[in-house]
Amino acid sequence: EVQRSMLPDEAPVVPGFDFGSAYLPAENLGGDFYDYIRLPNGRMGIVIADVSGKGVAAAMIMAASRGAVRSAARNQTEPAAVLHDANRRLYRDIKRNVYITACYGVLDPEQGSFSYSSAGHFPPVLVRDNGDSSYLEAGGTILGMFDGVRFEEETVTMSSGDLICFYTDGIIDAFNHDEEPFDEARLEKLLVRIRHLPAAEIVQRIISTVQEYSRGCKQHDDMTVIVLKAT
């Protein structure tokens with residue numbers, strides 16, 4: 001309950017955009033987290049992250065990581081600078097045998113743009129209204145392991161019907177009885193197929209499809225999904 005209290009209670013309301021999200025820990029405590037951060041001038045910060053390991057230790061680092069990103073987002077405007085500052089704090093405060101992957105981005109609804117940077121995290125999938133898809137790969141290495149890391153960032157423009165899906169490895173590493181992972185290709189194809197649904201329905205369809213794919217198999221990792229869609 002304490003850990004869930006650190007996650008958003010509901011999707012944010014942003015004119016022209018639709019949000020959906022889901023979080024399913026593999027155990028009572030998990031290392032995944034996501035967050036929405038209200039920023040000046042109507043902008044919205046979005047972060048998804050995954051702490052190495054599970055259980056109490058991962059949950060504690062998750063809380064520290066959330067605080068580091070939120071603090072950096074208050075002091076920096078660019079996603080790359082936010083990750084740089086968060087990494088500096090985490091490198092100072094956590095042990096070297098723990099690391100965090102993360103993706104942080106800023107939505108500017110007035111401009112219809114999304115700027116992002118990734119820290120060793122699986123690249124979000126961008127699906128256009130016409131069905132074209134690509135991966136958002138700009139960024140750098142993991143958080144908490146190396147000092148002085150620099151990150152690249154990129155900005156994409158979103159039009160009506162376009163969506164971005166953020167996810168953790170619990171989605172693409174879910175195995176079936178043949179020990180085959182769900183993988184990025186299946187997720188990308190699913191997103192293209194269901195792209196016209198509202199964001200919340202897309203998220204639920206992803207979760208139900210992954211659960212059906214791995215039916216009868218133990219959930220080995222936390223599953224977290226965010227969908228951002230231009231309306």
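Just checking, how many residues over the stretch 157-187 are touching a strand residue (DSSP E or B) at 6+ places or on another chain (Cβ under 7 Å), over 19 Å from residue 120 (Cα atoms), surrounded by fewer than 18 Cβ atoms within 10 Å (Cβ to Cβ) and touching a residue at least 40 places away in the same chain (Cβ under 8 Å)?
Qualifying residue count, the stretch 157-187: 5.
For the stretch 176-209, what are the residues that are under 19 Å from residue 133 (Cβ atoms) and of a type in the set (S, T, N, Q)?
Selection gives 209 alone.
Mind counting the residues in the stretch 34-91 that are assigned to a helix (DSSP H, G or I), open to solvent by 10 Å² or more (accessible area, probe 1.4 Å) and of a type in the set (Ser, Thr, Tyr)?
Selection size over the stretch 34-91: 2.
Taking the criterion of being farther than 23 Å from residue 38 by Cα and either of a type in the set (Asp, Glu) or assigned to a helix (DSSP H, G or I) (or both), would at least one residue in the stretch 109-126 satisfy it?
So far as the stretch 109-126 goes, no, none of its residues is farther than 23 Å from residue 38 by Cα and either of a type in the set (Asp, Glu) or assigned to a helix (DSSP H, G or I) (or both).
Looking at the stretch 137-151, which of the residues that are part of a loop (DSSP other than H, G, I, E, B), of a type outside the set (Val, Ile, Thr) and closer than 10 Å to residue 83 by Cα is most open to solvent (accessible area, probe 1.4 Å)?
Among residues in the stretch 137-151 that are part of a loop (DSSP other than H, G, I, E, B), of a type outside the set (Val, Ile, Thr) and closer than 10 Å to residue 83 by Cα, the one most open to solvent (accessible area, probe 1.4 Å) is 150.
Take the stretch 92-108 and flag every residue that is part of a helix (DSSP H, G or I) and among the basic types (Lys, Arg).
Across the stretch 92-108, the qualifying residue is only 92.
Consider the stretch 209-231. How many of its residues are in contact (Cβ under 8 Å) with a residue 40 or more places away in the chain, under 23 Å from residue 62 (Cβ atoms) and either in contact with a Cys (Cβ under 9 Å, 6 or more places away or on another chain) or buried (at least 17 other Cβ atoms within 10 Å of the Cβ) (or both)?
Summing the residues that are in contact (Cβ under 8 Å) with a residue 40 or more places away in the chain, under 23 Å from residue 62 (Cβ atoms) and either in contact with a Cys (Cβ under 9 Å, 6 or more places away or on another chain) or buried (at least 17 other Cβ atoms within 10 Å of the Cβ) (or both) in the stretch 209-231 gives 8.
Going by what's in this entry, would residue 206 be described as open to solvent by less than 10 Å² (accessible area, probe 1.4 Å), modelled with pLDDT of 95 or more and closer than 30 Å to residue 89 by Cα?
no
So that you can scan it fast, the table gives a plain yes or no per residue for (1) more than 17 Å from the chain's Cα centre (by Cα); (2) not charged (D, E, K, R):
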| residue | (1), (2) |
| --- | --- |
| 177 | yes, yes |
| 184 | no, no |
| 191 | no, yes |
| 199 | no, yes |
| 203 | no, yes |
| 211 | yes, yes |
| 214 | yes, yes |
| 218 | yes, no |
| 223 | no, yes |
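I'd like to know if the stretch 5-18 contains one or more residues that are among the hydroxyl-bearing types (Ser, Thr, Tyr) and at pLDDT 85 or above.
No: the stretch 5-18 contains no residue that is among the hydroxyl-bearing types (Ser, Thr, Tyr) and at pLDDT 85 or above.
The values are calculated or read from the model by the stated rules, or taken from the named source; none is laboratory data. If you're wondering where the values come from, they're calculated on a predicted model, not measured in any experiment. Glycine gets a Cβ as well: all are built from the backbone with ideal geometry, and neighbour counts include every protein chain shown. Protein only, heavy atoms only, side chains kept; ligands, DNA and RNA dropped before computing areas. Shrake-Rupley method; radii C 1.70, N 1.55, O 1.52, S 1.80 Å.
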